[in-house]
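Contents: one structure, followed by commentary.
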Amino acid sequence: MARGQRKTIEEKIEAKKEEIRLLKIRIEKEEDELEALMNEKKAKDIDLLYKFILKANLSAQQAAEILEEHLQGNYEETA
């Protein structure tokens, strides 16, 4: 059975370079999509915190101070 013409080593190298180039483009696209998703999550998290701060009638500075105190172990819960 006759086969098609075999590729030269140069043609194989060029084909592999093109495959790598296309994969790099795909990786860049996937990284862009990941960054967009992470930014969306960040915006949702910030919105959640903002709504909570408003509901608690606190300023951003006051909320930050409360969190800082909590992180330092100086937070005392009032029941």
(request) Determine the per residue accessible area of the chain with all protein chains present and a 1.4 angstrom probe, expressed in square angstrom. (result) 104
(message) Nearest 10 degrees is fine. How inclined is helix 60-71 to the longest principal axis of the chain, computing both from alpha carbons?
(response) 90
(message) What lysines does residue 16 reach when the alpha-carbon gap must be under 16 Å and sequence neighbours fewer than 8 apart in one chain are set aside?
(response) 7, 24
(message) Using only the alpha-carbon atoms, how far is helix 9-55 inclined from the longest principal axis of the chain? Give it as 0 to 90 degrees, nearest 10.
(response) 10
(message) Can you tell me which aspartates and glutamates have their Cα less than 16 Å from the Cα of residue 55? Leave out same-chain residues fewer than eight positions away.
(response) 45, 47
(request) Report the charge-dipole magnitude of the chain in Debye, nearest 20, computed about the Cα centre from +1 at each Lys and Arg Cβ and -1 at each Asp and Glu Cβ. (result) 940
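The values are calculated or read from the model by the stated rules, or taken from the named source; none is laboratory data. Remember, predicted model here, so these are calculated numbers, not experimental data. Cβ atoms come from the backbone with ideal geometry, glycine included; neighbour counts cover every protein chain shown. Keep in mind that these areas ignore ligands, DNA and RNA; they rest on the heavy atoms of the full protein, side chains included. Shrake-Rupley method; radii C 1.70, N 1.55, O 1.52, S 1.80 Å.
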